[in-house]
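**Student:** Attaching a single structure in structure tokens format; questions to follow.
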Amino acid sequence: MFSDVKKVIFPAAGLGTRFLPATKASPKEMLPIVDKPMIQYGVEEALSCDISEFLIITGKHKHSIEDHFDYAFELEDKLKKSGKDKLLEEINRLNHINLAYIRQGYALGLGHAILCAKPFVKDEPVAVILSDDIIPPEETLLLDMIRLYRRLKSPILALERVPKKEVSRYGVISGVKESENVYRINGLVEKPAPEKAPSSLAIIGRYILTPDIFDVLEKAKPGKGGEIQLTDAINELLQKRPVYGFLFTGKRYDAGDKLGYLKATVDFALKNRELSGAFGEYLLETAVKLKNNIHKRV
Ligand code: UTP
């Protein structure tokens, strides 16, 4: 329980209904932001925190994720023959990582997806990355949470202050501020109506969990939306032990939502060396057209 955080879970078995029909036959986590699937940004984030054991919870579309982190002999052969060494290196860059897969037979909720990870986690703390919450590589959210875990030895949830009207999209906490950016949580509500929300501190897609979460998840009943909710399980856990929130004030993209996905795509494209010039010019032209109100909606 008191070892360092060396493991990470990527739940990727959700149905991704907000992105249908794109997610009918492939997982949301494989949608690209510029030229990398969302899940790859999450894997790179975990690698930058010295995490060494990776688990992806897959659903019925597991093959595209597995193939993405594996060798692709035909493609490699073609790239080799055409001298595209840089691309060859890029497509195999992450193949060495210690990556395991567990299948969640039915999408019974995030809590259930985490429960599926029990044999992987064993008795160690574990990070959880929801890869549709994209955190740019220059931010250090997960690293800061791991450092906080070393001090507190307790579960830590990433929090963001969101506008009141948006709270119903998130799990929301009530808690007491303990120090700069750190809250001791005393209650959680999943997707509350704005007038019933205990605060505007929303849980975002990074967690450090301890193995005692599994005792609670094993007994969990379906909650909001008929799903086994991780927030319900954490709510029960905090009756027995301290649980903390870490307030993140950096940049995050909710890329599980179409607008957030588009914002992430635009910002990452503007940071991309090959694209930023031409794409920036295109955006400026488009902005001028919009401003002059001659941009017709399609
Ligand atoms: P979301 O709440 O975003 O649900 O899941 P979703 O199914 O992916 O997408 P929408 O809301 O229908 O558009 C949060 C995270 O939990 C995973 C998802 O893959 C996502 O990473 N998840 C959710 C599972 O792994 N299993 C589940 O049963 C539910």
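**Student:** Which of rounded, prolate or oblate describes the stretch 17-90 when judged by the alpha-carbon gyration tensor and an a/c cut-off of 1.5? Display every interim value, and only then the final one.
**Tutor:** On the way: a/c = 1.95, a/b = 1.32, b/c = 1.48.
It comes out oblate by the Cα gyration axes.
**Student:** Of the candidates Ala72, Ala100, Ala117, which one comes out as most mobile in a Gaussian network treatment of the chain with C-alpha springs shorter than 10 Å?
**Tutor:** Ala72
**Student:** Residues with amide H under 5 Å of Leu188's amide H, sequence separation 5 or more or different chain, H placed in the peptide plane at 1.01 Å from N; which?
**Tutor:** Ser174
**Student:** If you don't mind, there's one more thing I want to ask. Give the long-range amide H neighbours of Ile33: residues separated by 5 or more places, or on another chain, with amide H under 5 Å away, using H modelled in the peptide plane at 1.01 Å from N.
**Tutor:** Met38
**Student:** Going by a ≥ b ≥ c, the root eigenvalues of the Cα gyration tensor, does the stretch 109-266 fall in the rounded group (a/c under 1.5), the prolate group (a/b larger than b/c) or the oblate group?
**Tutor:** Because its axes are fairly even, with a/c under 1.5, the stretch 109-266 counts as rounded.
**Student:** With label points built 7 Å along Cα→Cβ from the Cα atoms of Lys221 and Arg161, find their separation and express it in nm.
**Tutor:** With each label point 7 Å from Cα toward Cβ, the separation is 3.7 nm.
**Student:** I would also like to ask the following. Could I get the Rg over Rh figure for the chain? Both from C-alpha atoms, Rh via Kirkwood, rounded to two places.
**Tutor:** Checking Rg against Rh, the ratio lands at 0.98.
**Student:** Calculate for the chain the 222 nm mean residue ellipticity that helices alone would give, adding -39,500 (n - 2.57) per DSSP H run of length 4 or more and normalising by residue count, nearest 500 deg cm²/dmol.
**Tutor:** -9500 deg cm²/dmol
**Student:** Let me ask something else about it. Full extension from Arg103 to Lys118: what is 0.36 nm times the residue separation minus their Cα-Cα distance, to one decimal in nm?
**Tutor:** This chain segment gains 4.2 nm when fully extended.
**Student:** Can you give me the % of accessible surface on the chain that is carbon or sulfur? Probe 1.4 Å, all protein chains present, nothing else counted.
**Tutor:** 54
**Student:** What relative contact order, as a whole-number percentage, does the chain give when Cα pairs under 8 Å and 6 or more residues apart are counted?
**Tutor:** 22
**Student:** To continue, here is another question. Of all trypsin sites (Lys or Arg not before Pro) in the stretch 224-298, which ones are in loop regions per DSSP and have a Cβ with at most 11 other Cβ atoms within 10 Å?
**Tutor:** The qualifying sites are Lys240, Arg273, Lys296, Arg297.
**Student:** Can you send over the solvent-accessible area of His112, 1.4 Å probe, protein chains only, in Å² to the nearest 10?
**Tutor:** Accessible area of His112: about 40 Å².
**Student:** Full extension from Arg150 to Ser179: what is 0.36 nm times the residue separation minus their Cα-Cα distance, to one decimal in nm? Mind dumping the intermediate values first?
**Tutor:** On the way: separation 29, 0.36 × 29 = 10.44 nm, distance 1.58 nm.
Contour length minus the Cα-Cα distance gives 8.9 nm.
**Student:** Taking the stretch 145-202, which GluC sites (Glu not before Pro) meet the DSSP loop condition and have no more than 16 other C-beta atoms within 10 Å?
**Tutor:** Glu180
**Student:** Modelled label-to-label distance, Asp77 and Asp50, 7 Å Cα→beta-carbon offset: nm?
**Tutor:** 4.2
**Student:** Another one. With every protein chain left in place and a probe of 1.4 Å, what is the accessible surface of Thr265, to the nearest 10 Å²?
**Tutor:** Estimated to the nearest 10 Å², Thr265 gives 40 Å².
**Student:** Taking Cα atoms, how many degrees apart are the long axis of helix 38-47 and the longest axis of the chain, rounded to 10 and kept between 0 and 90?
**Tutor:** Roughly 60 degrees between the two axes.
**Student:** Another one. How far apart, in nm, are the 7 Å Cα→Cβ label points at Leu20 and Lys271?
**Tutor:** Inter-label distance under the simple model: 3.3 nm.
**Student:** Residue by residue through the stretch 277-290, what is 3J(HN,Hα) from phi via Karplus (6.51 cos²θ - 1.76 cosθ + 1.60, θ = phi - 60°)? Round to whole Hz and write x for glycine and proline.
**Tutor:** Using θ = phi - 60°, the values come out as x, 5, 5, x, 4, 4, 5, 5, 4, 5, 5, 5, 4, 4 Hz.
**Student:** Let me ask something additional. To the nearest 10 degrees, how steep is helix 258-271 against the longest Cα principal axis of the chain, on a 0 to 90 scale?
**Tutor:** The two axes meet at around 60 degrees.
**Student:** Give the long-range amide H neighbours of Gly171: residues separated by 5 or more places, or on another chain, with amide H under 5 Å away, using H modelled in the peptide plane at 1.01 Å from N.
**Tutor:** Lys191, Ile203
**Student:** Across 5 Å bins from 0, what is the distribution of all Cα-Cα pair distances for the stretch 1-155, in whole percents?
**Tutor:** Histogram of Cα-Cα distances, whole percents per bin: 2, 9, 17, 20, 20, 15, 10, 5, 2, 1, 0.
The values are calculated or read from the model by the stated rules, or taken from the named source; none is laboratory data. Predicted model only: the values in this text are computed from it and were never measured. Neighbour counts are summed over all protein chains in view; Cβ atoms, including those assigned to glycine, are modelled from backbone coordinates with ideal geometry. Each accessible area value is taken on the protein alone, full model and side chains, heavy atoms only, with ligands, DNA and RNA left out. Shrake-Rupley method; radii C 1.70, N 1.55, O 1.52, S 1.80 Å.
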